[in-house]
Structure formats: C-alpha cells, structure tokens
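Data block below; observations after.
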Amino acid sequence: MLVYPSGVDVSSSALRFLSARLRQHRRAIGSRWRRLNPGRQALLALAHLRMGNTYAQLAAGFGIGTTTAYRYATEAVELLAGLAPTLADAIRVASTKAFVILDGTLLPTDRIAADPPFYSGKHKKHGMNLQVLTDPFGRLLWASPALPGAVHDVRAAREHGIVDTLAAADIKCWADKAYRGAGGTVRTPSWGRWETLSTGQQAVNRSHAKIRALVEQAMATLKSWRLLRRLRCSTTRVTSLVRAVLALHLASSE
C-alpha cells in the first residue's frame, strides 16, 4: 500500500484533549510500552473519525498492524464516549436557555442484507435513527443512542425519555411535524396543507421554520465527521462513535 502525507481538518485543541485523556487512561491501567505514544494514538483516532479511514489505511500510515490500529482506535472511541454528556447533563444546561430544538437524522449504513429493521421508509435507505438536542443557536447539547432506522422520530424521542424529561423540567422544545402528538412541552407546526391553513397558522409555521432551521448547523457538525456519513461498522458500535464525536466537538468548542 502506498503511503502519502495528508491532513486532518480538526483543531489542535481536540488533539491535545484526546492525548491528555489517553495519557491518563494508560497511567490508570498501568499500560507499559506501546507502538504509538498517546499523541500518535490520538491522531490515529481523529483520522479514523474525521476522515473515515479504514483500519488498513491507518495501519499503513502509522506503521503498525491492522489489528493494532483497530485496538487503538476502539480504545480511544470508548474513552471519548464515556465523556459525552448524558440527557440529564443536557437538561441541566438547557434549563438555562430559553428553549431547545429537537430533531432526528438518519446515519446511513451499508449493513442492509441481514438487517431489514434498519430500513427507513422516510429516507428510503438503511441507517440508524439519531435524535439531537441543540440550544437556541443550533449548538449541540446532546445526541441520543442510535436506534434502527425503521423507528419513527416521535417514537425514538419517547423511547429515549426526551419528551418526559423536557416536560418534567418545563423546558420548551421546538420540533418538526415528525413529532406531532409527542405532547409535553414539544411544539410542532400546524398540521395540514399550506393552502388550507389560516393566515395566522401560516405565520406561526414560518416563524417555527426559522427557529428550527438552526438545528441544521448541528446536523452538519456531526456529519462533518466523515465516518458518520456512511457507517461500515457493526450497528452496535454506532452509539459509541456518535458519543465520541460529540465529546470531541464539545471539548474543542470550549
């Protein structure tokens, strides 16, 4: 395999953050000599998450075995996933905001032959359903565990306890029509064809759409990590990958 110099468009603060956590982790478990130091292992994990490089490509680039590359990347991902905020953490932050925005997205996956529950009729493709909460400016607060793509957004929100948790904290939430009937403090647009809505309902829907549009910034942030654009791993690992990306993003944004 040919090897060439390349770059990873991730801030140096993310590299320093992950390097420090890996260094602490190695001391905690009493790890001795390794092929890569914490800084190089952190760079390998960032290349995997940001660029979507395969383990074979990472192994060739870092001069290690494919199994070692897998082990190093997985270790870093699991470590980061444990640092990601929980829903309770996000609610504490959200309680200081005027409202939050809730939206769902599909993370495409190539595991289609044996996994029919992962087919989304809405998106017409296989993938994993992910729920996201942002602040009023579209900044990421929390990302849910991944569910099969066949799960509808409103059902996913209920299964994760988002609706009940927001209602208990009395936090207003803006969401799209996919969450119709969610109840609690979740606000959705007026239902019906545009031409059948009253002038007042159309005005409310326009205002609602302007607020909700900010959530697209959060979705773009997540999918700027190329590994999430086309998942080629086991569906059981998707939640850890998303949480790892969220932890890195929040750490580098502080």
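The values are calculated or read from the model by the stated rules, or taken from the named source; none is laboratory data. The structure presented is a predicted model; accordingly, all values stated were derived computationally and were not measured. Backbone-built Cβ (ideal geometry, glycine too); neighbour counts: all protein chains shown. All accessible areas refer to the heavy atoms of the entire protein, side chains included, with ligands and DNA or RNA removed. Shrake-Rupley method; radii C 1.70, N 1.55, O 1.52, S 1.80 Å.
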**OP:** List the equivalent ellipsoid semi-axes of the chain in whole Å, largest first, each obtained as the square root of 5λ for an eigenvalue λ of the Cα gyration tensor.
**Re:** 37, 20, 16
**OP:** Divide by every residue of the chain the summed helix terms, -39500 (n - 2.57) for each DSSP H run of at least 4, and state the resulting mean residue ellipticity at 222 nm, rounded to the nearest 500 deg cm²/dmol.
**Re:** -14500 deg cm²/dmol
Subject >> Sites matching trypsin sites (Lys or Arg not before Pro) across the range 5-105 that sit in DSSP coil, with at most 12 neighbouring C-beta atoms within 10 Å >> reply: Arg32
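For the chain, calculate the relative contact order in percent as a whole number, restricting contacts to Cα pairs under 8 Å that are 6 or more residues apart.
Relative contact order for the chain comes out at 23 percent.
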Original post:
Under a GNM of the chain (C-alpha, springs under 10 Å), which listed residue has the highest mean-square fluctuation: Ala81, Ala69, Ala167?
Top reply: Ala167
Subject >> Overall Cα dimensions of the range 121-241 - principal axes, largest extent first, Å >> reply: 48, 33, 26
Subject >> Against the rule of thumb 2.2 N^0.38 Å, how large the Cα Rg of the range 16-164 comes out >> reply: 1.25
Original post:
Roughly speaking, what is the centre-to-centre gap between the range 89-151 and the range 197-248 when only Cα atoms are used, to the nearest Å?
Top reply: 7
Original post:
Which of Leu133, Leu197, Leu106 moves most in a GNM of the chain, Cα contacts under 10 Å?
Top reply: Leu197
**OP:** Give the ranking of Asp110, Asp103 by solvent-accessible surface, highest area first, calculated with a 1.4 Å probe.
**Re:** Asp110, Asp103
Original post:
Name the trypsin sites (Lys or Arg not before Pro) in the range 216-254 that are in a loop by DSSP and that have at most 15 other C-beta atoms within 10 Å, would you?
Top reply: Arg229, Arg230, Arg232
Original post:
Rounded if a/c is under 1.5, else prolate if a/b beats b/c, else oblate: with a ≥ b ≥ c from the C-alpha gyration tensor eigenvalues square-rooted, which is the range 48-112?
Top reply: prolate
